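What follows draws every value from the coordinates through simple rules; no lab data is involved. Please read these numbers as outputs of a predicted model, since none were measured by experiment. With ideal geometry, Cβ positions are generated from the backbone for all residues, glycine too; neighbour counts draw on all protein chains shown.
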Amino acid sequence: MSSALLYDGTAMLGRHLQRVRHAPAILVMTQTMPIVFLLFFGYVFGSALALPGAEYRAFLVPGMLVATAANGIMTGMFTAAQDAHRGVMDRFRTLPMSRAAVPLGQAAADLVTTAAGLVPLVLVGLAMGWRIEGGAADACAGFGLLLLFRFAATWVGILLGLVSRSEEAAGQLGGATFMLPLLSNAYIPTAGMPGWVRTLAEWNSISAVSTATRALFGNAPVPHGAAWPVTHPVAGSLAWCAVLLALCVPLAVRRYTHGGR
């Protein structure tokens, strides 16, 4: 990473953190909703499953953490679309700065706020009876994987936000990403799903990361007989993150550089 990119990216990071500071309602909403869903799924939806309550909550909390990380698509999309369609990025393009710094600063700021936002979600999970059963090193690896996946998901959102035709279109598409965790093993095991639905769910990147975090936290063993990303969850998760970053980072930087052309 060049010194210019590092300097300019740090400046953009500060700009986005200031933006969050001056719009605390958005931060509160994005951090509160995962907690609401965790409580709802843990105590209402979970009662309808075959898994006992405590066992289901141990299964659910890592999946909810991953679903929260996947929400980086929605937040990245909305923020990028807002800046693009309000002329903010046009002004940035006139400045003598690294072209990669603007999207990088947004992704880095999202990563910082996400890391802080995971703390209350983890505390609520602990209050519900969830525990990290694995070792400290594995637990750290699990949280690191969550943040890596959030970083990759944010770049997906940035790219989609830059190619969106309007803020409204980005908001509607961002809302549709709510379906992605539902078509995965974030909330329920895939074993009882119909054949084709199970295949889609197991090849969903959220399923690989959910399985990996459960294994690293010591909450559930790796299932057998599933698709490769689920039976090799850590490798599958890293592969998904690498593919998403390799595709979306250069495309997002190019889209920003050329202003939508």
Notebook entry, point to check: Put +1 on the Cβ of each Lys and Arg and -1 on the Cβ of each Asp and Glu in the chain; which of Pro34, Gly218, Gly9 then has its Cα farthest toward the positive end of the dipole?
Noted result: Gly9
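Quote the charge dipole size of the chain about the Cα centre in Debye, to the nearest 20; the model charges only the Cβ of Lys and Arg (+1) and of Asp and Glu (-1). Could you put the intermediate results ahead of the total?
Values: 16 positive and 10 negative charges, 125 e Å.
Computed about the Cα centre, the dipole is about 600 debye.
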Margin query: Output wanted: per-residue J couplings in Hz (rounded whole) for the range 240-250, from phi through Karplus 6.51 cos²θ - 1.76 cosθ + 1.60, θ = phi - 60°, x for Gly and Pro.
Written below: 4, 4, 5, 5, 4, 5, 5, 7, 7, 4, x
Check: Mind ordering 142-152, 86-96, 229-239 by average Cβ neighbours within 10 Å, highest first?
Finding: 142-152, 229-239, 86-96
Notebook entry, point to check: Ranked from highest to lowest mean number of other Cβ atoms within 10 Å per residue, what is the order of the peptides 97-104, 66-73, 173-180, 198-205?
Noted result: 66-73, 97-104, 198-205, 173-180
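Sort 212-220, 116-124 by packing, meaning the average of other beta carbons within 10 Å per residue, with the highest value first. Please list the in-between numbers first.
Values: 212-220: 22.9, 116-124: 15.4.
In decreasing order of mean packing, 212-220, 116-124 become 212-220, 116-124.
Any chance you could run the full-extension gain for Ser2 through Ala235? It's 0.36 nm times the residue separation minus the Cα-Cα distance, nm to one decimal. Please report the intermediate quantities before stating the final value.
Working: separation 233, 0.36 × 233 = 83.88 nm, distance 2.93 nm.
My answer for the length gained is 81.0 nm.
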Next item on the list: Please compute the Cα-Cα pair-distance distribution of the range 3-258 with 10 Å bins starting at 0, giving whole percents from short to long.
Entry: 7, 31, 34, 20, 7, 1
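Over the alpha-carbon set of the range 69-157, divide Rg by the Kirkwood Rh and report the Rg/Rh ratio to two decimals.
On the way: Rg = 16.5 Å, Rh = 14.8 Å.
Rg divided by Rh gives 1.11.
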Checklist line | Extension reserve of the Ala246-Ala11 stretch, reckoned as 0.36 nm per residue once the Cα distance is removed | finding: 82.2 nm
Item checked: the chain: relative contact order as a whole-number percent, Cα under 8 Å and 6+ apart -> 26 percent
